[in-house]
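Let me begin by presenting the structure, written as structure tokens, before commenting on it.
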Amino acid sequence: MLLEQIQQTNDIKKIEPRDYPLLAEEIRQFLIEKISVTGGHLGSNLGAVELTMALHLALNLPEDKIVWDVGHQSYTHKLLTGRRDGFDTLRKYGGMSGFPKRKESDCDCFDTGHSSTSISAGLGLVRARDIQGGTNTVVSVIGDGALTGGMAYEALNNAARMETNYIIILNDNNMSISENVGGVSKYLSNIRTSNKYLDVKDNIYDAVRKTKYGDGVVTGVRRVKNSLKQLVIPGMWFEDLGITYLGPVDGHDVNGLVRVIREAKRRKNCVLIHILTQKGKGYGPAEKHPARFHGAEPFDVATGVPLKKKTKANYTDVFSTVMVKLAARHEDVVAITAAMPDGTGLKRFRNLYPERFFDVGIAEEHAVTFAAGLAVGGLHPVVAIYSSFLQRAYDQILHDVCLQNLPVIFAIDRAGLVGSDGETHQGIFDLSFLSSIPNMHLMAPKNKWELSDMMKFAYDFKGPIAIRYPRGTAYDGLQEMRTPIEMGKSEMIYEESGIALMAAGSMVCTAVNVYNSLKAQGRSCTLVNARFIKPIDEDMVRRLARNHELLVTLEENVASGGFGEKVRELVDREKLGIQVLTVTIPDEYVEHGNVDILKKEIGIDEESVLKKISAALS
């Protein structure tokens with residue numbers, strides 16, 4: 001096998017060019033086999049095999065730098081940098097990350113995980129290189145989807161002014177920027193990137209500049225040239241911005257890619273290479289259903305069918321059903337998502353109410369302010385975004401929604417620990433950053449029925465309100481407990497004395513198990529479903545302080561700014577005289593791994609909570 005010859009960085013350069021197609025095929029088979037066992041991002045990686053090979057052939061790593069936008073397409077890069085053995089533990093606790101990690105390899109120059117950041121990061125690396133007198137090449141790889149994020153355009157605007165080499169590769173797997181216009185485009189692209197053309201053009205411009213009217217002549221020639229190119233060359237928007245555009249290029253032709261990358265390295269300005277690829281290439285099920293294999297669970301290689309059968313509804317399914325019902329009852333309900341109609345459960349809503357559904361692309365900031373505009377216009381928008389991605393829109397939530405006290409509902413999916421995607425995707429900060437905003441109201445459901453009730457309550461509330469719920473199977477316990485929701489009021493589940501457990505959202509399930517264990521030990525215990533993180537139920541805290549010696553708060557959020565901190569502040573401020581134990585995620589980033597393992601490691605699982613309670617009482 002050719003793949004076995006690649007043991008460390010730059011070993012690919014020992015492979016004969018005639019064997020590149022065979023190596024690409026071996027890489028694809030390796031990825032399919034490994035990801036079918038561990039799960040992971042398959043479609044994007046299958047589409048980027050030849051591109052990654054070409055980058056490793058044309059560049060000299062780790063001196064040269066590759067910044068991967070999002071980073072979920074970096075599996076081949078990891079293979080070619082000697083991390084083949086790591087794929088057996090891909091995305092597992094203590095194993096190899098599914099994203100670039102600087103601590104993993106010196107060939108990973110920038111940690112990524114969120115979209116539209118690679119051009120900004122690459123630009124920073126370029127400027128740092130130039131200031132320090134370096135000569136290495138910096139390449140940012142960005143997808144057509146990531147170009148829907150405004151941050152990418154801010155960086156492009158900045159990069160266009162540079163007079164130093166910087167390469168941006170636009171990996172277009174959806175033909176979403178421009179279509180290949182055929183032979184004329186290819187012919188002009190080849191001419192414009194040939195060594196002779198570049199040498200002649202640079203020499204002519206340099207000579208003309210030295211004449212009396214040199215700058216004016218050069219400007220005039222460029223204006224005429226650009227007018228002609230506008231007629232026949234795609235990507236002129238980039239050219240008009242000041243960025244040299246090369247392409248479209250076949251993204252599955254290794255030799256062609258190597259040639260254009262090497263030619264782009266000769267430029268003394270920002271160059272964008274537009275390549276066309278096929279997501280899921282080489283694996284039939286992924287080619288046919290690219291969305292399904294974006295982030296795949298373990299699957300059967302022969303059929304592509306997930307190995308784990310879904311038996312119970314998850315919170316996203318519940319939200320999906322409630323949204324359809326709300327829309328049927330209320331014509332002012334509209335739904336917004338940032339490129340995640342399937343992931344957030346809005347696919348059914350889109351199919352039934354297409355005129356009331358808006359997918360704004362990977363643009364969370366725009367999604368929130370757009371929702372504010374819809375609200376001012378008389379509609380009732382629901383913004384469905386993953387917790388870790390909502391962080392990007394903090395200013396828009398504060399300034400455009402809450403400052404105006406607008407009726408926008410935030411449905412925050414993947415709140416709390418999400419597992420295998422790791423630090424960049426854990427939704428463990430939303431309770432803190434949202435509860436810091438005036439006029440924001442924040443809820444967390446204990447089970448699937450309460451999520452439904454909270455969505456209905458949120459519609460009737462007519463102000464900024466957020467509901468955060470976790471990834472995975474919806475808790476179906478405590479079905480009999482369905483006290484009507486009141487603003488800022490918690491729900492008493494079991495009331496005794498001694499120890500009081502006050503749990504928020506997903507931690508109610510853990511609290512039930514802790515309650516049962518304490519009862520089995522003969523301890524008197526109370527269990528409260530917090531429901532609201534902002535405002536907290538101050539009356540309930542005062543009530544618990546009267547006949548309990550220990551108040552335990554439980555939340556799947558970092559300690560700083562969280563639910564427990566608010567309860568402790570109230571107890572201290574009013575001198576309520578009850579000991580407070582806050583069970584939280586530590587104020588640190590949580591790596592990838594199975595959620596149950598992570599909970600145990602950070603001390604918020606049932607066993608850890610019982611130990612903490614025992615220590616507090618002793």
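The values are calculated or read from the model by the stated rules, or taken from the named source; none is laboratory data. Small disclaimer: the values here were computed from a predicted structure and weren't measured. Cβ atoms come from the backbone with ideal geometry, glycine included; neighbour counts cover every protein chain shown. Just the protein is used for accessible areas: all its heavy atoms, side chains included, with ligands, DNA and RNA removed. Shrake-Rupley method; radii C 1.70, N 1.55, O 1.52, S 1.80 Å.
Side notes on the structure shown:
- On full extension, the segment bounded by Arg18 and Asp476 gains 159.1 nm, given 0.36 nm per residue less the C-alpha separation.
- In Hz, Karplus ³J(HN,Hα) per residue of region 453-466 (6.51, -1.76, 1.60; θ = phi - 60°; x = Gly, Pro): 5, 5, 5, 5, 4, 4, 5, 6, 5, 6, x, x, 8, 10
- Whole-Å distance, taken between Cα centres, linking region 67-93 and region 105-129: 16
- Here the accessible area of region 1-102 is 44 percent carbon and sulfur, with a 1.4 angstrom probe and all protein chains present.
- Distance between modelled label sites at Thr303 and Glu154, nm, 7 Å Cα→Cβ extension: 4.7
- Note on region 459-546: Kirkwood radius taken over Cα pairs, Stokes-Einstein applied at 4 °C and 1.567 mPa s, translational D equal to 91 µm² s⁻¹.
- Convex hull (Cα only) mean projected area of region 100-153, reported in nm² to one decimal: 4.2
- 3J(HN,Hα) along region 150-162: x, 4, 4, 6, 4, 6, 4, 4, 6, 5, 5, 8, 6 Hz, from the Karplus curve 6.51 cos²θ - 1.76 cosθ + 1.60 with θ = phi - 60°, whole Hz, x for Gly and Pro.
- For region 563-577, putting each phi into the Karplus relation 6.51 cos²θ - 1.76 cosθ + 1.60 with θ = phi - 60° gives couplings of 4, x, 4, 5, 5, 4, 4, 5, 4, 5, 5, 9, 6, 6, x Hz, in residue order, rounded to whole numbers and with x for Gly and Pro.
- Residue ranges 565-571, 69-75 sort as 69-75, 565-571 when ordered by packing (mean number of other C-beta atoms within 10 Å per residue, highest first).
- Straight-distance crosslink candidates among aspartates and glutamates, where the alpha carbon sits under 19 Å from Lys101 and sequence neighbours closer than 8 are dropped: Glu63, Asp64, Asp69, Asp85, Asp88, Asp111, Asp421, Glu423, Glu588, Glu591
- Computed across region 3-160, the Kirkwood radius stands at 16.2 Å (inverse of mean 1/r, all Cα pairs).
- Around the amide H of Gly98, modelled in the peptide plane, lie the amide H atoms of Arg91, all under 5 Å away and 5 or more residues distant in sequence or on another chain.
- Over all Cα atoms in region 392-549, the spread is summed up by Rg and Dmax: 16.3, 52 Å.
- Other residues within the sphere of radius under 11 Å centred on the Cβ of Lys312, judged by their own Cβ, net out at +1 (K and R +1, D and E -1).
- Accessible surface of region 532-592 [probe 1.4 Å, protein heavy atoms]: carbon and sulfur percent: 45
- Centre-to-centre, using Cα atoms only, region 557-618 and region 396-441 are separated by 20 Å.
- Extension gain for Gln404 to Lys456 (0.36 nm times residue separation, less C-alpha to C-alpha distance): 16.5 nm.
- Solvent exposure of region 54-103 as accessible area per residue, Å², 1.4 Å probe: 30
- For Val528, the residues 5 or more places off, or on other chains, whose built amide H falls under 5 Å of its own are Ile493, Leu501, Met502, Ala503.
- Charge-dipole axis of the chain as Lys and Arg at +1 and Asp and Glu at -1 on Cβ define it, positive-most pick from Ala458, Pro306, Pro17: Pro17
- Percentage of interatomic Cα-Cα distances in region 244-327 larger than 16 Å: 70
- Binned Cα-Cα distance frequencies in the chain - 10 Å width, integer %: 3, 15, 23, 22, 18, 11, 5, 2, 1, 0
- Cα coordinate range in region 53-92, projected on the principal axes (Å, largest first): 31, 21, 16
- For a label point 7 Å along the Cα-to-beta-carbon line of Arg573, residues of region 535-562 with backbone N under 11 Å: 536, 538
- Cα-based shape type of region 240-279, given that a ≥ b ≥ c are square roots of the gyration tensor eigenvalues and the cut on a/c is 1.5: oblate
- Between helix 195-209 and the chain: long-axis angle, C-alpha atoms, 0 to 90°, nearest 10: 80
- Fully extending the segment from Asn547 to Met487, taken as 0.36 nm per residue of separation minus the present Cα-Cα distance, adds 19.1 nm.
- The per residue volume of the convex hull around the alpha-carbon atoms of region 269-370 is 165 Å³.
- Cut-off 13 Å, label 7 Å out along Cα→Cβ of Glu287, residues of region 37-58 by amide N: 47
- Long pairs among Lys265/Lys288; Lys92/Lys566; Lys65/Lys281; Lys92/Lys279, criterion Cα-Cα beyond 32 Å: Lys265/Lys288; Lys92/Lys566
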